[in-house]
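Read through the structure below, which is laid out as structure tokens, and then see the notes.
The values are calculated or read from the model by the stated rules, or taken from the named source; none is laboratory data. The shown structure was predicted, so the numbers you read here are calculated from the model rather than taken from an experiment. Counting neighbours? That spans all protein chains shown, and the Cβs are built from the backbone with ideal geometry, glycine included. Accessible surface is based on the protein model in full, side chains and every heavy atom, while ligands, DNA and RNA are left aside. Shrake-Rupley method; radii C 1.70, N 1.55, O 1.52, S 1.80 Å.
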Amino acid sequence: MGNDLSQKILERAELIQGSFEYDVVVIGGGIAGMEASLNLAEMGFKVLLVEKEPTIGGKMFLLSKVFPTLDCASCISTPKMAAVAHHPNIDLWTYSEVTRIDVKGKGDFEITVLRKPRFVNEDLCTGCGTCEEVCPVVLPKEYDYGLRGRKAAYIPFDTAVPKKAVIDINNCIFCGQCERACPAGAIDFAQKPRIYKIKAHAIIIATGYRLFPAERKEQYGYGKIPNAITAMQMERLLSPTRPFNSVLRPSDGKEPSSIGYVLCVGSRDKTVGNPRCSQVCCMYSIKQAQLILGALPLADVTIYCMDIRAYGKGFEEFYQKARAMGVKFVRGRVAKIEGLSNGNVRVIYEDIDEGRVKSAEHDLVVLSVGLLPNNDEVLSKVHGAKITVDELGFIVTNPSTPTQTNVEGIFAAGCATGPKDIPDTILEAASAAARCAAYLKSLKQERMIPVEVISNGKKR
């Protein structure tokens, strides 16, 4: 909500009176936040899960398959999304943002949550999509990274949780077509933002990551060269919920016969302020290369890399499988990418093995962007304590207790603490839930034990 209209709407926010108390508030509804919430809920704790997007699922739902097993990503995440929505011990607040966290003492947090208006009555909305069909405004779809459009009135995707429409008020032209067409009468332009004051005994931060903005590497031409795309856009092209029926290049809809991958875009790169390895780029590029060869068997796939970091269980075998399938690996840093008049893309690179500069032409080039922290908005709103972060902005945890932050009662999981793959994220989320549960139980025991007053050397 960045324009004048959105600001005016936010100024109308009303404070909801009442007592809202939870054992734990989990911030972030991606795979880490869902896993931590479900673990705590199964142990009997009352959980509030706050997600800023209109649906939970995070970025995992947008992936095609997971490496190295090539299991369906949405098949793993969708059941968790449904379990979170229906668990009696979890309250799910989507399209909501944490605007303030007050640390008042041990096990005593006050979290201010802004619930933004969908301008759709969630109790009445059936998720039929009629509003989206009649809406005349077409915008780039965020969940497909601009590869296709969405309407100003829209449902994020078919299996969104909750499957409720939302109206993008920034781009709505107030034609009223959605309101007239909605069979349930769910459209409500009079909705106001609501502010809640939440009491909680613990917090888990699972805010995930943001992708490196590829346009910052100007020499790679992202945003200017139509057929230079990011790896997440390629994920959408390969996904079962993909925007097209095949892998097509954006400029003309042609099936590419030659595809080049540029690794370490925004990672291991001091020039953009991120010298750290993002850990997942090598393997997700290899995964995509294998999937491309499954979808386009005659395609040539080349991966330009400094080296391949196949460090996890089964990763080396996965890498060797890609080589056996015909994926070509070129050791060398890409210096520049140029767009050609026929829509193709020229890659200029240093071939380290041969020790000279070369160039190659591809129909499509994929930029394997790295992972950056996504904690700024939340951490800047903590008052009464300061959560320690490293030089890149990831939350610092004690190596012996890798999910505990420096603030007692606040835990972190997943990519909030650093780049990691999905298995490690799920493992860390379960660990955060276990440590949080132990903390809550010790807190309860402390408060149940009566304080003994000592007077004149005697207990009374």
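For the chain, the antiparallel share of DSSP beta bridges with both residues in that region comes to about 55%.
Across the range 319-332, coupling constants 3J(HN,Hα) worked out from phi with the 6.51/-1.76/1.60 Karplus curve, θ = phi - 60°, read 5, 5, 5, 4, 4, 5, 6, x, 5, 9, 10, 10, 7, x Hz, and Gly and Pro carry x.
Which of rounded, prolate, oblate describes the range 21-84, given a ≥ b ≥ c as roots of the alpha-carbon gyration tensor eigenvalues and a/c under 1.5 marking rounded, otherwise prolate only if a/b is larger than b/c? Prolate, because a/c is 1.5 or more and a/b exceeds b/c. Average accessible surface for the chain: 45 Å² per residue, computed with a 1.4 Å probe over protein heavy atoms with every protein chain in place. What is the distance in Å between the Cα centres of the range 170-229 and the range 269-321? Comparing the Cα centres of the range 170-229 and the range 269-321, I get a distance of 30 Å. Neighbours of Leu427, meaning other residues whose beta-carbon lies under 14 angstrom from its beta-carbon, give a summed charge of -1 when Lys and Arg score +1 and Asp and Glu score -1.
Note on exposure: Asp307, Asp252, Asp363 ranked by accessible area (1.4 Å probe, complete protein assembly) read Asp252, Asp307, Asp363, with the most exposed listed first. Karplus-derived 3J(HN,Hα) values for the range 225-239, using 6.51 cos²θ - 1.76 cosθ + 1.60 with θ = phi - 60°, are 9, x, 9, 10, 10, 8, 5, 5, 5, 5, 4, 5, 5, 9, 5 Hz; glycine and proline are entered as x. As a calculated quantity, the FRET efficiency between Thr69 and Ser341 at R0 = 51 Å, using C-beta atoms, amounts to about 0.75. 3J(HN,Hα) couplings calculated from phi for the range 359-370 with the Karplus curve 6.51 cos²θ - 1.76 cosθ + 1.60 (θ = phi - 60°) are, in sequence order, 9, 9, 10, 10, 6, 8, 10, 10, 9, 7, 7, x Hz; Gly and Pro show x. In a reduced charge model with +1 at each Lys and Arg Cβ and -1 at each Asp and Glu Cβ, the chain shows a dipole moment near 700 debye about its Cα centre. Classify the range 52-207 as rounded, prolate or oblate from the Cα gyration tensor: take a ≥ b ≥ c as the square roots of its eigenvalues, call it rounded if a/c is under 1.5, otherwise prolate when a/b beats b/c and oblate if not. Oblate, since a/c reaches 1.5 and b/c is not below a/b. Each Lys and Arg contributes +1 and each Asp and Glu -1, all at the Cβ; summed about the Cα centre of the range 1-135, the dipole is approximately 240 debye. Estimate the FRET efficiency between Glu350 and Ser258 by the formula 1/(1 + (r/R0)^6), using the beta-carbon distance for r and 22 Å for R0, to the nearest 0.05. Using R0 = 22 Å, I get an efficiency of 0.65. For Ala437, neighbours were defined as the other residues whose beta-carbon sits under 14 Å from its Cβ, and their charges (Lys and Arg +1, Asp and Glu -1) total +1. Quick check for you: which residues of the range 185-205 have the amide N under 14 Å from the point 7 Å beyond the Cα of Thr99 toward its beta carbon? Answer for this model: 192-198. Across the accessible surface of the chain, with the other protein chains kept in place and a 1.4 Å probe, carbon and sulfur atoms take up 51 percent. Note on Asn406 and Asn89: the extension gain reaches 111.4 nm, defined as 0.36 nm multiplied by sequence separation minus the Cα-Cα distance.
Straightening the chain between Leu392 and Glu317 buys 23.8 nm, computed as 0.36 nm per residue apart minus the Cα-Cα spacing. Per residue, the average separation of C-alpha pairs within less than 8 Å and at least 6 apart gives the chain a relative contact order of 18 percent. First check a/c for the chain, with a ≥ b ≥ c the square roots of the eigenvalues of its C-alpha gyration tensor; if it is under 1.5, answer rounded, and if not, answer prolate when a/b is larger than b/c or oblate otherwise. Oblate shape, in that a/c is at least 1.5 and b/c is the bigger or equal ratio. DSSP beta bridges fully contained in the range 1-108 are about 25 percent antiparallel. A DSSP coil position with no more than 12 other Cβ atoms inside 10 Å describes none of the chymotrypsin sites (Phe, Trp or Tyr not before Pro) in the range 1-78. Net charge of the neighbourhood of Thr401, taken over other residues with C-beta under 12 Å away and scored Lys/Arg +1, Asp/Glu -1, is -1.
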